[in-house]
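To keep things clear, I will list the structure first and then write my remarks on it.
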Amino acid sequence: MTALRPDLAIIARNVRAGSRILDVGCGDGQLMAALRDHKQVDARGLELDARDVATAVARGLSVAQGDADTDLADYLDNSFDYAILSQTLQTTKRPDLVLDHLLRIGREAFVSFPNFAQWRIRFAHVFGGRMPVTEQLPHRWYDTPNIHHVTVDDFRSFLKERAVVIEGQWFLSGGKPRKEGMANLLAEHAVFLLRR
């Protein structure tokens, strides 16, 4: 498979061949193209950025311009095997409602996000007194698309409150897999596979 961002590579490895997927916040369609080409997946995408939509469509992908906060309500229940939301949850206005839609639209849902409790971020707050700018969070406080600062423990608690089943969970540091132990402190990114 084409070199994918580490969280996307995890998702790609765990999607069943021949599945129907909806990639919400699909960017330029890199994951969709890889799944189409290597796993014969029937992929659809939803993306806010018009330039990314154009790039994805030029790749021969079925991508519509739309907003996860408002447009997911238009999709039918269980219309996909997987609904995917990678590195987008923290940018939505109502991540709780977006997640409800993902789990309604897809039989299973992949969600990946940066872990805002990772030790480097904590260190920057405590000792620098400023919002961190790191490789995983390259934006400054005033130009960041991240409006909800979710942590691994926050997300797990949220899932438990809503009786959402965790089918799988993976954690990354420096783009490499790391064990689950102390993930809230040590992992830079998290990937969850969920179902109702």
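Overview of values
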item	result
Test for residue 185: is it within 23 Å of residue 13 (Cα to Cα) and of a type outside the set (Asp, Glu)	no
Residues of the stretch 44-72 that turn out to be aliphatic (A, V, I, L, M), within 16 Å of residue 86 (Cβ to Cβ) and in a strand (DSSP E or B), as a count	2
Residue count for the stretch 139-196, restricted to those that are free of Cβ contacts under 8 Å to residues at least 24 places away in the same chain and β-branched (Val, Ile, Thr)	1
Residues satisfying the stated conditions in the stretch 6-35, i.e. under 25 Å from residue 76 (Cβ atoms) and of a type in the set (Lys, Arg)	16, 20
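Condition check ((1) without any contact (Cβ under 8 Å) to a residue 40 or more places away in the chain; (2) among the aliphatic types (A, V, I, L, M); (3) within 17 Å of residue 193 (Cα to Cα)) across all residues:
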position: 6; (1), (2), (3): no, no, yes
position: 21; (1), (2), (3): no, yes, yes
position: 33; (1), (2), (3): yes, yes, no
position: 60; (1), (2), (3): yes, no, no
position: 66; (1), (2), (3): yes, no, no
position: 94; (1), (2), (3): yes, no, no
position: 103; (1), (2), (3): no, yes, yes
position: 107; (1), (2), (3): no, no, yes
position: 118; (1), (2), (3): no, no, no
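All of the numbers you see were taken from the coordinates with simple rules; none came from a lab. Keep in mind it's a predicted model, so treat the numbers as computed, not measured. Because the Cβ atoms are built from the backbone with ideal geometry, glycine has one as well, and the counts that use them run over all protein chains shown.
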